[in-house]
Amino acid sequence: MTMKRLLAASAVTAVAGLAASASQAQDLTLCWAAWDPANALVELSKDFEAQSGITMNFEFVPWPNFADRMLNELNSGGQLCDLLIGDSQWIGGGAENGHYIKLNDFFDANAISMDDFAPATVYAYSTWPKGTPNYYALPAMGDANGWFYRKDWFARPEIQEAFKAEYGRDLAEPKTQRELMEIAKFFQGREIDGQTVYGASIFTERGSEGITMGATGALYAWGFKYENTPGSYDMEGAVNSPAAVEALEFYKELYQCCTPPGYDNAYMEQSLDAFKSGQVAMAMNWFAFFPGLYADPNTGGDKIDFFVNPGQNVEASTLGGQGISVVSYSDNVDGALEYIKWFAQPDVQAKWWSMGGYSCHRSVLEDPDFVNSAPFAGDFLEAMAGVQDFWQEPAYAELLLAMQERLHNYIVADQGTAQEALDGLIADWTETFEDEGKL
Amino acid sequence: MTESPITRVARATPEPVSRRVRGLSDRAIAWIFVAPTIFLLLAINIFPLIWTIRLSFTNYRANRLNREVEWVGLRNYERILTDDGIWMNMQATAHFLFWTIVLQVLIGFTLAWLINRKFRGNDLITTIIVLPMMLSPAVVGNFWTFLYQPQIGLVNYVVEFFTGIPANSFSMLGSVTLAPWAIVIVDTWMWTPFVMLICLAGLRSIPDYIYEAAEIDRASKWRQFWTITVPMVLPFLMLAVLFRGIENFKMFDLVVQLTGGGPGNTTLLASIDLKREAFEKWRTGYSSAYAIILFVTVFGLASIYVKALNKVKER
């Protein structure tokens with residue numbers, strides 16, 4: 001009798017175990033950075049759970065550790081993520097190292113057309129080699145680096161008057177990088193409502209990608225190019241062109257003249273904090289944060305407005321944003337593909353935008369009402385029309401860290417000249433491309 | 001007289017088995033006991049070390065499993081040893097190592113000497129002093145980041161109070177000149193209690209009768225300090241220096257939290273740079289060579305130091 005009971009208990013346990021593992025196989029884990037749009041995606045995904053019966057789990061990692069954590073996960077063949085919304089620069093490594101599943105056949109079989117998505121986002125988030133019709137991700141979250149400012153301060157008559165007296169023009173959203181610096185200088189150290197305020201909060205972070213993402217906002221505006229001819233890795237004269245040197249000197253001056261004290265290692269969070277605490281007149285950050293900023297009870301609403309990264313020689317913005325990929329090590333690839341199929345639908349994309357995500361679907365972006373759907377929607381469209389991205393090579397991390405080091409040394413640590421920094425950067429990148437066998 | 005359990009077990013053991021057991025020498029039994037430890041040591045320490053040495057002669061990258069691995073000879077070592085940036089990192093590490101040890105020994109010994117006197121509240125003060133070393137380095141790093149913040153940090157206000165220099169006019173972690181000292185201060189704050197405890201153990205190990213004999217010989221307090229206290233505490237002090245030296249040579253967490261190696265590369269210690277090369281840039285072969293160079297350096301220095309320590313003990 002005892003033996004029979006034991007056998008029965010073992011059988012029940014085994015069945016329960018198998019059932020649990022079968023149900024786990026139905027679960028999906030989506031990995032992304034921990035930020036506002038991720039929370040919106042959790043809400044949006046509830047519709048998918050209801051329709052498919054698949055339970056969604058989420059793994060969100062704070063931005064400063066996101067690349068480190070997720071690239072380690074991919075490189076070790078980890079099965080944590082079934083779906084990964086990875087940075088655009090990871091696409092080369094994801095494709096060449098076999099981390100991401102190629103989606104062309106799946107798209108064809110399910111009538112998902114890349115023509116339905118904004119071309120710039122398809123190029124940046126989905127293709128490898130760049131520009132070829134080889135898709136490793138579906139454009140999920142359009143993004144670019146933009147600016148926001150204290151509209152209520154700008155509107156004050158005494159401030160308007162003082163600015164006009166100093167610069168001979170009205171205080172308004174800057175149209176060029178030079179105008180931006182003038183405004184930043186004007187506000188730096190000014191007393192407003194009994195508090196000392198500062199000009200602008202910009203990216204200066206050393207550890208991950210911050211200072212590169214910030215400084216490229218100026219570099220691209222001056223016409224910076226990575227190569228003389230795309231795909232040639234011919235960098236001499238492009239990376240260290242006179243315009244690039246001028247842009248880098250500009251960014252250093254902006255850091256030195258117009259940022260709050262102690263903002264020598266600042267990225268997204270610090271920029272948001274500086275603005276929300278009323279310390280700065282202007283701040284740079286990713287469009288992804290703009291819905292949250294607009295909704296902020298203290299500094300949002302009527303007190304805030306947004307503008308696209310000002311041009312100088314050309315109109316250009318630093319690309320952010322990500323595509324959603326299926327991780328090849330997943331044990332639920334079918335479920336992950338089902339999620340992508342669901343996410344690609346126009347009505348889901350429309351809801352995604354309404355909840356705070358930046359859809360890349362043309363049905364959303366080309367809707368006549370889109371521009372007026374949010375105070376930053378028009379700026380977003382304008383920014384996405386001129387976005388430029390960092391290298392998307394498999395050696396992206398190495399290329400990025402070299403730039404981080406060179407820029408931080410020059411801008412924050414005040415070592416050497418802009419010319420030396422960019423010449424050194426070419427030397428670093430050349431070494432990397434030689435190791436890669438591309439030079 | 002009843003038989004003991006051992007005798008009964010021995011009697012019950014079949015003859016062939018007992019013969020086999022009797023046949024094992026002491027050395028064989030010793031090996032049986034030591035073998036698991038040796039196996040673990042080989043698997044966890046020696047094999048990875050040999051593997052790392054092997055990788056250091058290749059261009060292997062752990063994130064490119066489908067790329068062909070090439071034998072590059074001494075190229076990785078040559079690149080590291082001729083890289084100005086790495087020598088700058090070594091200088092930053094040496095600066096950090098030297099000043100943290102000097103300050104921790106001076107302050108730690110002084111505190112131990114003061115605490116060693118009998119006074120009311122001695123135990124409570126000792127407990128309060130050792131609190132910093134009980135905290136996590138990540139917590140200490142975050143905590144001091146706030147203390148160093150130019151606008152709200154206490155440190156800048158204290159400096160302003162004593163010197164008149166405006167609090168928000170300088171940044172301890174953002175200045176090339178100040179940042180190397182900022183990390184020295186935090187490490188000293190955290191680890192001086194450790195040195196103090198070791199010194200305290202040394203001070204308390206000195207028998208009272210030696211001082212009593214010195215008193216009878218009318219030796220002054222100053223002379224007692226230099227001829228009794230310092231020589232007898234010296235082995236302990238040297239041990240503390242060894243521990244702190246090895247720890248700080250591989251310092252990572254605290255400095256990453258405080259400065260991340262910046263501004264620029266001012267506080268980029270060798271261990272932080274090594275981690276970047278190995279797990280952010282994924283230059284596995286190159287970083288293996290880097291690790292071997294650091295290992296040989298710290299092993300060589302530690303060996304020389306241990307020999308000196310043994311000589312001091314023998315005196």
- Message: Here's a check for you: in region A:246-276, which residue that is out of contact with any strand residue (DSSP E or B) (no Cβ under 9 Å at 6 or more places or on another chain) and within 10 Å of chain B (Cβ to nearest Cβ) is modelled with the lowest pLDDT?
- Response: A:Gly262
- Task: Could you pull out the residue among A:Phe370, A:Phe343 that is within 25 Å of A:Thr55 (Cα to Cα), open to solvent by less than 50 Å² (accessible area, probe 1.4 Å) and either among the aromatic types (Phe, Trp, Tyr) or within 14 Å of another protein chain (Cβ to nearest Cβ) (or both)?
- Result: A:Phe343
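Determine, yes or no, whether B:Gly141 is open to solvent by less than 20 Å² (accessible area, probe 1.4 Å), in a loop (DSSP other than H, G, I, E, B) and on the phi < 0 side of the Ramachandran plot. Steps first, answer last, please.
Numbers: open to solvent by less than 20 Å² (accessible area, probe 1.4 Å): yes; in a loop (DSSP other than H, G, I, E, B): no; on the phi < 0 side of the Ramachandran plot: yes.
Spelling it out, it is not the case that B:Gly141 is open to solvent by less than 20 Å² (accessible area, probe 1.4 Å), in a loop (DSSP other than H, G, I, E, B) and on the phi < 0 side of the Ramachandran plot.
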- Message: Yes or no: region A:131-154 includes at least one residue that is free of Cβ contacts under 8 Å to residues at least 24 places away in the same chain, open to solvent by 10 Å² or more (accessible area, probe 1.4 Å) and farther than 29 Å from A:Lys276 by Cβ.
- Response: yes
- Name every residue in region B:163-218 that is touching a Ser or Thr at 6+ places or on another chain (Cβ under 8 Å) and open to solvent by 30 Å² or more (accessible area, probe 1.4 Å), in order of residue number. B:Val176, B:Leu178, B:Trp191
- Message: I'd like the full set of residues that are open to solvent by 50 Å² or more (accessible area, probe 1.4 Å), in contact (Cβ under 8 Å) with a residue 60 or more places away in the chain and under 12 Å from B:Ile293 (Cβ atoms), limited to region B:76-96.
- Response: B:Leu81
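For region A:65-91, which positions are surrounded by 18 or more Cβ atoms within 10 Å (Cβ to Cβ), part of a helix (DSSP H, G or I) and not hydroxyl-bearing (Ser, Thr, Tyr)?
Filtering region A:65-91 down to residues surrounded by 18 or more Cβ atoms within 10 Å (Cβ to Cβ) leaves A:66-67, A:70-71, A:73-75, A:81-91.
Restricting the remaining residues to those that are part of a helix (DSSP H, G or I) gives A:66-67, A:70-71, A:73-75, A:88-91.
The answer is A:Phe66, A:Ala67, A:Met70, A:Leu71, A:Glu73, A:Leu74, A:Asn75, A:Gln89, A:Trp90, A:Ile91.
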- Note on the structure: Within region A:380-409, residues being among the small types (Gly, Ala, Ser) and facing another protein chain (nearest Cβ under 9 Å) number 3
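Return the only residue of A:Glu179, A:Glu227, A:Glu158, A:Glu166 being over 30 Å from A:Asp423 (Cβ atoms), out of contact with any helix residue (DSSP H, G or I) (no Cβ under 8 Å at 6 or more places or on another chain) and either of a type outside the set (A, V, I, L, M, F, W, C) or open to solvent by 10 Å² or more (accessible area, probe 1.4 Å) (or both).
Values: A:Glu179 fails: over 30 Å from A:Asp423 (Cβ atoms); A:Glu227 fails: over 30 Å from A:Asp423 (Cβ atoms); A:Glu166 fails: out of contact with any helix residue (DSSP H, G or I) (no Cβ under 8 Å at 6 or more places or on another chain).
The conditions single out A:Glu158.
Tally time: how many residues in region B:51-72 are out of contact with any strand residue (DSSP E or B) (no Cβ under 7 Å at 6 or more places or on another chain) and over 16 Å from B:Ala291 (Cα atoms)?
The initial filter retains those residues of region B:51-72 that are out of contact with any strand residue (DSSP E or B) (no Cβ under 7 Å at 6 or more places or on another chain), namely B:51-56, B:59-68.
Those still in the list that are over 16 Å from B:Ala291 (Cα atoms) too: B:63-68.
Here the count works out to 6.
Identify all residues within region A:378-400 that are part of a helix (DSSP H, G or I), aliphatic (A, V, I, L, M) and surrounded by 20 or more Cβ atoms within 10 Å (Cβ to Cβ); write none if there are none. Give the derivation first.
Applying the first criterion (part of a helix (DSSP H, G or I)) to region A:378-400 yields A:378-384, A:396-400.
Next cut, aliphatic (A, V, I, L, M) only: A:381, A:383-384, A:397, A:399-400.
Selection gives A:Ala383, A:Met384, A:Ala397, A:Leu399, A:Leu400.
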- In region A:230-259, residues that are surrounded by 15 or more Cβ atoms within 10 Å (Cβ to Cβ) and assigned to a loop (DSSP other than H, G, I, E, B) total 7
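A quick yes/no check of all residues on (1) under 21 Å from A:Gly262 (Cα atoms); (2) outside any helix (DSSP H, G or I):
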{"residue": "B:Val155", "(1), (2)": "yes, no"}
{"residue": "B:Phe161", "(1), (2)": "yes, no"}
{"residue": "B:Ile165", "(1), (2)": "yes, yes"}
{"residue": "B:Phe194", "(1), (2)": "no, no"}
{"residue": "B:Leu200", "(1), (2)": "no, no"}
{"residue": "B:Tyr209", "(1), (2)": "no, no"}
- Task: Name the helices (runs of 4 or more DSSP H) wholly inside region B:219-282 in which the number of residues that are open to solvent by 10 Å² or more (accessible area, probe 1.4 Å) and more than 24 Å from B:Trp191 (Cα to Cα) is 1 or more.
- Result: B:221-224, B:270-279
- Message: Take B:Ile183 and tell me if it is more than 28 Å from B:Val155 (Cβ to Cβ), in contact with a helix residue (DSSP H, G or I) (Cβ under 8 Å, 6 or more places away or on another chain) and not small (Gly, Ala, Ser).
- Response: no
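So is A:Tyr329 surrounded by fewer than 20 Cβ atoms within 10 Å (Cβ to Cβ), within 14 Å of another protein chain (Cβ to nearest Cβ) and of a type outside the set (Lys, Arg) or not? Spell out how you get there, then give the answer.
On the way: surrounded by fewer than 20 Cβ atoms within 10 Å (Cβ to Cβ): yes; within 14 Å of another protein chain (Cβ to nearest Cβ): yes; of a type outside the set (Lys, Arg): yes.
Criteria met by A:Tyr329.
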- Residue count, region B:53-77, condition within 28 Å of the chain's Cα centre (by Cα) and either within 13 Å of chain A (Cβ to nearest Cβ) or not aromatic (Phe, Trp, Tyr) (or both), comes to 5
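The values are calculated or read from the model by the stated rules, or taken from the named source; none is laboratory data. Worth saying up front: this structure is predicted, and the values here are computed from it rather than measured. All Cβ positions, even for glycine, are placed from backbone atoms using ideal geometry, and neighbour counts span all protein chains on display. Heads up: the accessible areas ignore ligands, DNA and RNA and are worked out on the full protein's heavy atoms, side chains in. Shrake-Rupley method; radii C 1.70, N 1.55, O 1.52, S 1.80 Å.
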